[in-house]
1. Considering every residue within the stretch 321-336, establish whether at least one is exposed (fewer than 15 other Cβ atoms within 10 Å of the Cβ) and farther than 27 Å from L417 by Cα.
2. Give the residue that is farthest from R64 (Cα to Cα), with candidates limited to residues of the stretch 260-273 that are small (G, A, S) and assigned to a helix (DSSP H, G or I).
3. Scan the stretch 322-342 and report the pairs whose first residue is charged (D, E, K, R) and whose second residue is at pLDDT 95 or above, with Cβ atoms within less than 8 Å and a gap of 6+ or a chain change.
4. Just wondering, is there one or more residues in the stretch 186-195 that are modelled with pLDDT under 95, surrounded by fewer than 17 Cβ atoms within 10 Å (Cβ to Cβ) and outside any helix (DSSP H, G or I)?
5. Just to verify a result, which residue in the stretch 274-288, among those that are part of a strand (DSSP E or B) and under 54 Å from the mean Cα position of the chain (by Cα), is farthest from L97 (Cα to Cα)?
6. Take the stretch 33-76 and flag every residue that is basic (K, R) and assigned to a helix (DSSP H, G or I).
7. Inside the stretch 167-185, can you point out the residues that are on the phi < 0 side of the Ramachandran plot and loosely packed, with under 14 Cβ neighbours inside 10 Å?
Amino acid sequence: MRGVRMFAAAAASVLALASAPAVSAETLADALIAAYKNSNLLEQNRALLRATDEDVAVAVAALRPVIAFTADAEYAVANSNAVLGGRTRSESLSSSLGLTAQMTVYDFGRNALALEAAKETVLATREALVALEQDVLLLAVSAYVDVRLAQDIVALRQNNVRLIEQELRAARDRFEVGEVTRTDVAIAEAALAAARAGLTSAQGDLTIARESYKAATGAYPGALAAPPAAPATARSLDEARAVALRTHPDIRQAQRNVTVAELNVARGKAAMRPSLTARAGVSLNDDGTDRSSLSLSLGQTIYAGGELSAVYRQALASRDAQRASLQQAGVTVAQGVGNAWSNVDVARASIAANDEQVRASQTAYEGVREEATLGARTTLDVLDAEQDLLDARFARASAQATLYVGTYQVLSSMGLLTVDHLKLGIPTYDAAAYYNAVKNAPATSSQGKKLDRVLQAIGGN
């Protein structure tokens, strides 16, 4: 019974999710915060978002005048033959300085539509960043739980090796007094070798889990605390789907992309119409002559080899594609919610079944051991019963891990697995800060300094 008590006590210690963590233990919140702060993917896509913000500045610049200066200097030599046979040579040096300004006065909304499309693209890119944030956090949850599960499996395997070592010693002792045959000893030896191999495999799985944790959070795990209670999701599958179709970043991004495509259709139509341009200029020659001018020009492309029509048809096709993409995004998101919800239900049912299996296997193992001490069972019977109990505990631990990660998967499928929704209590990346600093296409030194401060603040996150 000493081996039974050791096995039960070790398993209870390993599988207790509500055990009190050590003071220095890392929590799941710590892992999520580290993943958010150290993710290279998030940093990459934040930079891509800032690049997209600049498209708005470019579109704003197209609505403003373009001012340029020109400075010319010319040295000329002229040789000519005179009528009476002489040859003359003349040299001249001239210079001029000019300043011109040009601005599109009216273009049937082409530039304004381009600005609106750029703004919608920024909003779509922000949603893509939110989707990536969800992926990063879910990966951190999975890595955290995988390390905990791998540690539990290693502990169970270690305890299994110790118990089989006891069985082997007992078998050898009984063989010495003639109670069992050499076959019983060989069976125990084979079981011990298999248990040691299983322990080595479990330790390898733990090493792999630790590497995944480092990739997800930026550092290897220390002592990990028991995960807290899983977050609340939704009361029903229908409610979860309804929330997902309203809030999931993939849906919102697809909606923005449809708006961009519709604006591009309008731009393609406007490109077939004329534009009115105003020009103004002043110039000064080296001889003191100055000249000022102001002009308006109305122009329209009459024939461009079919390019304008092709661009317009292309915009129509892109709009249809984006509309279909939005519909498919709804299907995919709804399917993701259903799959995640089903995985949670299956995990719950598995845990209930595993609990029954563990209780029955524990009873069977204890009974077989007692019968073996009376000579009614063989060493093989004891080892088989022990393996059944071990398998049941493995299954229960895996189901608990699946249930916990599955809850976060449901949250992610609803579009709610974010730092803000989880209330991690850390400053988050302000996607609007850089946009607000560049949306008016700053060019002056004072605005440049303000932009530098924004960039420094972003780097501080």
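The values are calculated or read from the model by the stated rules, or taken from the named source; none is laboratory data. This one's a predicted model, so the numbers in the text were calculated from it and none came from an experiment. Backbone-built Cβ (ideal geometry, glycine too); neighbour counts: all protein chains shown.
1. Yes: one or more hits.
2. Looking only at the stretch 260-273, we keep the residues that are small (G, A, S), and these are 261, 266, 268, 270-271.
Next, only the ones that are assigned to a helix (DSSP H, G or I) stay: 261, 266, 268, 270.
Details: A261: 25, A266: 21, G268: 21, A270: 19 Å.
Looking at the filtered set, the residue picked out is A261.
3. Short answer, once both residue conditions are applied: R323/V258; R323/A261.
4. The answer is no; no qualifying residue exists.
5. Residues of the stretch 274-288 that are part of a strand (DSSP E or B), as a first pass: 275-285.
Narrowing the set further to residues that are under 54 Å from the mean Cα position of the chain (by Cα) leaves 275-281.
Values: S275: 29, L276: 27, T277: 23, A278: 21, R279: 17, A280: 14, G281: 11 Å.
Here the residue is S275.
6. Quick first cut of the stretch 33-76, residues basic (K, R) only: 37, 46, 50, 64.
Listed by number, the residues that qualify are K37, R46, R50.
7. Kept after step one, since they are on the phi < 0 side of the Ramachandran plot, are these residues of the stretch 167-185: 167-177, 179-185.
Selection gives R169, D173, E176, V177, E179, R182, T183.
Conditions (1) touching a residue at least 12 places away in the same chain (Cβ under 8 Å); (2) closer than 17 Å to A140 by Cβ; (3) surrounded by 19 or more Cβ atoms within 10 Å (Cβ to Cβ); (4) of a type outside the set (V, I, T), marked per residue:
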{"residue": "D388", "(1), (2), (3), (4)": "yes, no, no, yes"}
{"residue": "A397", "(1), (2), (3), (4)": "yes, no, yes, yes"}
{"residue": "V405", "(1), (2), (3), (4)": "yes, yes, yes, no"}
{"residue": "G415", "(1), (2), (3), (4)": "yes, no, yes, yes"}
{"residue": "H421", "(1), (2), (3), (4)": "no, yes, no, yes"}
